[in-house]
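The values are calculated or read from the model by the stated rules, or taken from the named source; none is laboratory data. Small disclaimer: the values here were computed from a predicted structure and weren't measured. In this analysis, Cβ positions are derived from the backbone assuming ideal geometry, glycine residues included, and neighbour counts consider all displayed protein chains. The area values use the complete protein model at the heavy-atom level, side chains included, leaving out ligands, DNA and RNA. Shrake-Rupley method; radii C 1.70, N 1.55, O 1.52, S 1.80 Å.
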Amino acid sequence: MMRKQKTLRLILGDQLNAQHSWFTSVDDAVTYVMMEVRTETDYAVHHVQKVIGFFAAMREFSKALENQGHTVIYMRINDEANQHSFDKNLKQFIDQHHFTHFDYQLPDEYRVDECLNAFCQTLHITSNVCDSEHFYCERFELSEFFKGKKMLLMESFYRSMRTKHSVLMEGAKPFSGQWNYDENNRKKLPKNHKPTPPLTFHTDVSEIYSELKTAGIRTIGTVDERNFLWPINRKESLQLLDFFVNECLQLFGTYQDAMMPNEWSLYHSRLSFSMNLKLISPKEVIERAIEAWKQNPEKIEFNQLEGFVRQIIGWREYMRGIYWKEMPSYSDLNYFNHRQKLPSWYWTGKTKMACMRDAIDQSLNYAYAHHIQRLMITGNFALLAGVHPDEVDAWYLGIYIDAIEWVEITNTRGMSQFADGGIVGTKPYVSSATYIDKMSHYCGSCYYSKSIKVGERACPFNSLYWNFYDQHEDKLAKNPRIGMMYNVWRKMKPEDKTALLEQAQYYLEHIEEL
Ligand code: FAD
Ligand code: DLZ
């Protein structure tokens, strides 16, 4: 009789998928391994809530596996035997416990994928890699879809996903005959509107917090260690999903681009953390949202649902596909050759610009900002200020609870900084105060004036905006989506142009004081 293999299976911190086929039966020849390691806590300076969130969710997941009868090795951050990298610890476990086979799931991050690939080459036992069974698409499906195409348009990818997976379709046509409801969506919040208060959790994470301090892990931001607000297991993630479809979905599309001081989550789902750790799947999120709409179509209009589905089956899958298509060269792209550093107030919120202060403060307090705050406030400013994309990436990769490179870098370097020269976006997302005021209630309380372009109280976004276009005319003037701005710029009086450029220069030289 053949001896049964003794298998070691690695579960990464963002592979907490209880629905994975690995777990359908208990096999006493299989041991699962999870580990808290310095390579992961230190590849960026993370928000304290992010590190705690990952560790708490990993510990919950390992406990749940053990309760189901699975064998788990869980290595904590301060374990004496911890060698603080996946490959070194794995080697140690394999040698110590005489495993005869090693399994892992496809990692979502290029760096970890390379590390585990290389590790398997060194092994004297057999190994196998399988899918993480989370995404709609396979790793290189988008690459195949766009093969031979110059433009990688999200809209065409999104439509093909809707069709392939029969989501909101009537045969071959989109339900209601229309693919895109952006026109109906994206409104400013009425001034006295009180959004639904967010559902938060109250987990005591003081034990993990004190372990992080003992380990000396550098972090940013704050945490209420007795009331950790993020979901850390599948049950809580499903509660958050229920809360979203019952309380927020009906206004999701309408206010998805709106911003309001001191309102940190509005009608957003805050499901990115749960989804990125695979506590819940994109498919079940979409199915739950569709079910809620079907049950109550009067409360949840179709445009709200479509706006939400688009984010997940569209943008989320698209960004992952772009990541695997373009890595590793993507992480070096710097189309505008930007070189500046991020101002130090990105880590303190101490700026007189009300919009920047609010977006940074809430990022430090909650490890969260919604999409338009990331894109049109902090990202917009960094691009206008000519900050090096490496600096911008490091900040975004650290500060947000949901930041994992595949979805962070494509959004930051790609969509927000246009450092990829137009792989993800068709034009840079920059704006003056006009857009910020159109979508928010920040400008009314700001030290700077949204309508002043030059002078002491001039909103920095105004002059930096024109300075950006002036600086990059060679790269942008031919772009059909922005040619119009160059017509306006060229028609401006020379003395007005000079004043704007001088103002921008002054602000760039005094960026720390803004
Ligand atoms: P909702 O507004 O409720 O949207 C629902 C879901 O749609 C999200 O949970 C998310 O899974 C998905 N989604 C929406 N927009 C995008 C998008 N552009 N790309 C991919 N998925 C999307 N998202 C991350 O998950 N991790 C990141 O590190 C990250 N970094 C970003 C950096 C920048 C500069 C920008 C502009 C965007 C970034 N995003 C990132 C995308 C988006 O901002 C977040 O997914 C969203 O804010 C998460 O909050 P939510 O769950 O409340 O989203
Ligand atoms: C983000 C993160 C952190 C902070 N810590 C760990 C860890 O200690 N152990 C672990 O397995 N995963 C962690 N993660 C998530 C990983 O960085 C993630 O699994 C990889 O980036 C692969 O996508």
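Listed conditions (1) of a type in the set (Phe, Trp, Tyr); (2) under 13 Å from the mean Cα position of the chain (by Cα); (3) away from ligand 2 (no atom under 13 Å from the Cβ) are all met by residue 406, apart from (3). Would you point out the residue of the range 432-451, among those that are free of Cβ contacts under 8 Å to residues at least 60 places away in the same chain and open to solvent by 10 Å² or more (accessible area, probe 1.4 Å), that is nearest to residue 464 (Cα to Cα)? Taking the candidates together, the pick is 432. The set of residues from the range 343-375 being among the hydrophobic types (A, V, I, L, M, F, W, C) and either under 15 Å from residue 433 (Cβ atoms) or part of a helix (DSSP H, G or I) (or both) comprises 345, 347, 353, 354, 355, 356, 359, 360, 364, 372, 375. Among the candidates 36, 40, the residue that is without any contact (Cβ under 8 Å) to a residue 60 or more places away in the chain, within 16 Å of ligand 1 (Cβ to nearest atom), of a type outside the set (Phe, Trp, Tyr) and touching a Gly at 6+ places or on another chain (Cβ under 9 Å) is uniquely 40. Report whether or not residue 26 is more than 15 Å from residue 277 (Cα to Cα) and either within 10 Å of ligand 2 (Cβ to nearest atom) or open to solvent by less than 20 Å² (accessible area, probe 1.4 Å) (or both). Taking the combined requirement at face value, the residue does not satisfy it. For beta carbons closer than 7 Å, sequence separation of 6+ or different chains, a first residue in the range 298-310 that is outside any helix (DSSP H, G or I) and a second that is away from ligand 2 (no atom under 16 Å from the Cβ) and at pLDDT 95 or above, the qualifying pairs are 299/250; 300/249; 300/250; 300/292; 300/293.
Residues that are loosely packed, with under 13 Cβ neighbours inside 10 Å and in contact (Cβ under 8 Å) with a residue 60 or more places away in the chain: which helices (runs of 4 or more DSSP H) entirely in the range 160-268 hold 1 or more of them?
The helices (runs of 4 or more DSSP H) meeting that bar are 206-215.
For the residues 29, 57, the requirement of being within 28 Å of residue 347 (Cβ to Cβ) and either within 16 Å of ligand 1 (Cβ to nearest atom) or out of contact with any Phe, Trp or Tyr (no Cβ under 9 Å at 6 or more places or on another chain) (or both) singles out 57. Does residue 330 qualify as being within 30 Å of residue 175 (Cβ to Cβ), crowded, with 19+ Cβ neighbours inside 10 Å and aromatic (Phe, Trp, Tyr)? Here the answer is no, as residue 330 does not meet what is asked.
All conditions in (1) polar (S, T, N, Q); (2) open to solvent by 10 Å² or more (accessible area, probe 1.4 Å); (3) not in a loop (DSSP other than H, G, I, E, B) hold for residue 49, with the sole exception of (2).
Taking the conditions exactly as written (within 16 Å of ligand 2 (Cβ to nearest atom), β-branched (Val, Ile, Thr) and not assigned by TED's automatic domain parsing to the domain that holds residue 195), does residue 399 satisfy them or not? Taking the combined requirement at face value, the residue satisfies it. Name the residue that is farthest from ligand 2 (Cβ to nearest atom), counting only residues in the range 377-395 that are open to solvent by 10 Å² or more (accessible area, probe 1.4 Å) and part of a helix (DSSP H, G or I). So the residue we want is 391.
On the given criteria, is residue 492 surrounded by 12 or more Cβ atoms within 10 Å (Cβ to Cβ) and at pLDDT below 95? Please lay out each step first, then the result.
On the way: surrounded by 12 or more Cβ atoms within 10 Å (Cβ to Cβ): yes; at pLDDT below 95: no.
No; evaluated as a whole, the condition is false for this residue.
Is it the case that residue 109 is within 16 Å of ligand 1 (Cβ to nearest atom) and either surrounded by fewer than 18 Cβ atoms within 10 Å (Cβ to Cβ) or among the acidic types (Asp, Glu) (or both)? For residue 109, the condition - within 16 Å of ligand 1 (Cβ to nearest atom) and either surrounded by fewer than 18 Cβ atoms within 10 Å (Cβ to Cβ) or among the acidic types (Asp, Glu) (or both) - is met. Residues in the range 412-434 that are part of a loop (DSSP other than H, G, I, E, B), farther than 14 Å from residue 384 by Cα and of a type in the set (Gly, Ala, Ser): 421, 422, 425.
Of all residues in the range 360-376, those being of a type outside the set (S, T, N, Q), touching a residue at least 24 places away in the same chain (Cβ under 8 Å), surrounded by 23 or more Cβ atoms within 10 Å (Cβ to Cβ) and farther than 20 Å from residue 252 by Cβ number 1.
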